[in-house]
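See structure below.
The values are calculated or read from the model by the stated rules, or taken from the named source; none is laboratory data. Note that the structure is a prediction, hence the values are computed from the model and not measured. Neighbour counts run over all protein chains shown; Cβ positions are idealised from the backbone, glycine included. The protein model used for the area step is the full one, side chains on, heavy atoms only, and it has no ligands, DNA or RNA in it. Shrake-Rupley method; radii C 1.70, N 1.55, O 1.52, S 1.80 Å.
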Amino acid sequence: MTLNEYFSSYYALICDGHLDSLGQYYSVESPLFLARKRQFEKLRQQFDFKFLLQNISVIAKQDDLLVVIDRLNFQAEIGGKSVEKISVNLHSLVKELGEWKIHSSTQLPEFLVR
């Protein structure tokens, strides 16, 4: 599976509401998995949204560590208004049993999005 396929399927699960399946993408050592799952559950209760992966790039790679940056297009209908926003995220992945798993993720500040 390519990095693009990995994150496209990850974001598709979130958008489709299959949040119980998110665990397969996260490291067992990830300190943020449950918080991210709750965050997406809360968002899905408020409105429907889409994440469209625009691109993803490798920043650094070691045998058991991968750092990537992605650019997403967020689309939603909120309060009767169409909302579209670009988001840039930094992810660190670790290798577990030969597979890459998300250890941590953070949304980068908006001034870096431009």
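What number comes out for accessible area per residue over the chain if the probe is 1.4 Å? Units Å², please.
62 Å²
What is the distance, in nm, between label points placed 7 Å from the Cα along the Cα-to-Cβ direction at residue 89 and at residue 16?
The modelled label-to-label distance comes out at 1.6 nm.
Hey, what number do you get for the chain at 222 nm if only DSSP H runs of n ≥ 4 count, each worth -39500 (n - 2.57), divided across all residues, to the nearest 500?
Using -39500 (n - 2.57) per qualifying helix, the result is -8000 deg cm²/dmol.
Given a 1.4 angstrom probe, I'd like the percentage of the accessible area of the chain that is carbon and sulfur, rounded to a whole number.
50 percent
Which of the chymotrypsin sites (Phe, Trp or Tyr not before Pro) found in region 7-114 are in a DSSP loop and have at most 13 neighbouring Cβ atoms, other than their own, within 10 Å?
When the chymotrypsin sites (Phe, Trp or Tyr not before Pro) of region 7-114 are filtered for loop state and at most 13 Cβ neighbours within 10 Å, 47 remain.
What is the helix-to-structure angle for 33-46, meaning the angle in degrees between its Cα long axis and the longest Cα principal axis of the chain, kept from 0 to 90 and rounded to the nearest 10?
Between helix and principal axis, roughly 20 degrees.
Any idea of residue 96's accessible area? Nearest 10 Å², probe 1.4 Å.
Its accessible surface works out to 40 Å², give or take rounding.
Determine how large the accessible area of residue 21 is when every protein chain is in place; take a 1.4 Å probe and give Å² rounded to the nearest 10.
It works out to around 50 Å².
Just to verify a number: FRET efficiency for residue 60 and residue 4, C-beta to C-beta distance, R0 = 22 Å, to 0.05?
0.80
HN-Hα J couplings of region 75-83 from phi, Karplus 6.51/-1.76/1.60, θ = phi - 60°, integer Hz, Gly and Pro as x?
The phi angles translate into 10, 7, 10, 10, x, x, 10, 7, 10 Hz.
Tell me which lysines have Cα within less than 17 Å of residue 101's Cα, excluding those fewer than 8 residues away on the same chain?
37, 61
Restricting the count to DSSP beta bridges whose residues both fall in region 19-111, what percent are antiparallel, rounded to a multiple of 5?
95 percent
What angle, in degrees between 0 and 90 and rounded to the nearest 10, separates the Cα long axis of helix 3-16 from the longest principal axis of the Cα atoms of the chain?
The helix 3-16 is inclined about 40 degrees to the chain.
Pick out, in residue order, every one of the GluC sites (Glu not before Pro) in region 1-92 that is DSSP loop and has at most 15 other C-beta atoms within 10 Å; say none if there are none.
29
Which one of 65, 49, 90 is farthest out on the positive end of the charge dipole of the chain, using unit charges on Cβ (Lys, Arg +1; Asp, Glu -1) and the Cα centre as origin?
Farthest towards the positive end: 49.
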